[in-house]
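Enquirer: Here it is, the structure, as structure tokens.
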Ligand SMILES: *Cc1c(COP(=O)(O)O)cnc(C)c1O
């Protein structure tokens, strides 16, 4: 079976470096918020182009702690995209705020800045645009509106570390950028992890308190925080992987180009491949195409030993758990259309040209409805 991602292949490729880093932590005897975490924060901030970075326990926590750091809570509204992983909306509800959804644009499938203004009310405190699949959203167009309306901008970069917009890395545009180090993300730990990027020293400080029970001084708790700390093992592993991230993202990009070229050669123009908008450099966390008869093609691919995934089969406002906030909202025609025909194909740095050709052949076969 050709997998969607191959984490074992990645480990094998860098096993010596990883094993050494793990061993050093074990011998160091410090396991939570130690020197590895501090070094990782410095290195990721430098990579992403922000002054500060604060490591937390997950991407979901990065989002919810950012909202809390901005004082967003009950009675406040937060605008976000109708198409994302559930955690984006869940973080808003987790702080007691009300999620308000906007439709997406039809090229990169990100929050449509043209839809944003009509969603802003006197209660709106923040907007969470998502760089979905690894393609930068139009945060440059969202920022002026946010400034005019006094909204905080929280970039959800969980799928997009390394992606750039006009040469600048995502996560460095808004008030904060939120990263996830979930194992399958472009920079993945061997467990959960996340990070908040910011240029604002006060915000960084508040996140540092919140992640550690609201405490700066041991046993003095100035805020009600939580336990959302990153551990030293994950930080040490992530520091090793960060050194490979640029090369890995370049490999993902090359794979995306090969897919597109092969589809073209085979005349498969019913397949819409990801396109980069002007000024954008895609991180290809996912290689999501759109195609007719998606469900049937997906079944045919499985028979031909090719993994694929629908990201996402429902828009956020159609998620059962969000029903209380979504009665009568919408419609979201662009996002809804994407849920019906989008399919993510295998893309990961260790994927080979031969495997890509196999996937493309399987799709050509499946498209024609050829019996497996
Ligand atoms: C993965 C992801 C998150 C959540 O990150 P976790 O580390 O899994 O909590 C949030 N938003 C998006 C868009 C994601 O893909």
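Enquirer: Could you tell me what % of all Cα pairs in the chain have separations over 25 Å?
Expert: When all Cα pairs of the chain are counted, 55 percent exceed 25 Å.
Enquirer: Hey, another quick one. Can you give the helix-only mean residue ellipticity at 222 nm for the chain, where every DSSP H stretch with n ≥ 4 adds -39500 (n - 2.57) and the sum goes over all residues, rounded to the nearest 500 deg cm²/dmol?
Expert: -12500 deg cm²/dmol, from helical runs alone.
Enquirer: Could you rank the peptides 344-357, 139-152 by their average count of other C-beta atoms within 10 Å per residue, with the highest value first?
Expert: Packing order, densest peptide first, comes out as 344-357, 139-152.
Enquirer: How would you order 309-322, 266-279 from highest to lowest mean count of nearby Cβ atoms within 10 Å?
Expert: 309-322, 266-279
Enquirer: I've got another one for you. On a C-alpha basis, how far is the centre of the stretch 1-74 from the centre of the stretch 233-294 in Å? Whole number, if you could?
Expert: 22
Enquirer: Please report the base-10 log of the normalised intensity I(q)/I(0) for the stretch 251-372, using a Debye sum with one equal scatterer per alpha carbon and no solvent, at each q in 0.11, 0.17, 0.19 (1/Å).
Expert: So the normalised log intensities are -0.42, -0.89, -1.05.
Enquirer: For 287, 181, 70, 173, what ranking results if the residue with the fewest other Cβ atoms within 10 Å of its Cβ goes first?
Expert: 70, 173, 287, 181
Enquirer: Exposure proxy check: 233, 63 ranked by fewest other beta carbons within 10 Å?
Expert: Neighbour counts put them in this order, fewest first: 233, 63.
Enquirer: When the Cα centres of the stretch 172-202 and the stretch 136-164 are compared, how far apart do they sit, in Å?
Expert: Each part's Cα centre sits 14 Å from the other's.
Enquirer: Using Cβ counts within 10 Å as a stand-in for footprinting exposure, how do 226, 121 rank, fewest first?
Expert: The most exposed by this proxy come first: 121, 226.
Enquirer: What is the antiparallel percent of DSSP beta bridges lying wholly in the chain, to the nearest 5?
Expert: DSSP beta bridges in the chain are roughly 60 percent antiparallel.
Enquirer: Further question on the same structure: Across every pair of different alpha-carbon atoms, what Kirkwood hydrodynamic radius in Å does the stretch 17-153 reach?
Expert: 16.7
Enquirer: By per-residue mean of other Cβ atoms within 10 Å, what is the highest-first order of 293-305, 201-213?
Expert: 201-213, 293-305
Enquirer: Bin all alpha-carbon pair distances of the stretch 172-229 at 5 Å intervals from 0 and give each bin's fraction as a whole percent.
Expert: Spelled out bin by bin, the stretch 172-229 gives 5, 18, 21, 19, 20, 13, 4, 1 percent.
Enquirer: From zero up to wherever the largest Cα-Cα distance of the stretch 233-310 sits, split into 10 Å bins and tell me the percent of pairs in each.
Expert: Binned Cα distances yield the sequence 15, 37, 30, 15, 3.
Laboratory data are not the source of any read-out in this text; all were calculated from the coordinates shown. What you are looking at is a predicted structure, and each value in this text was computed from that prediction instead of being measured. As a convention, Cβ positions derive from the backbone with ideal geometry for all residues, glycine included, and neighbour counts pool all protein chains shown.
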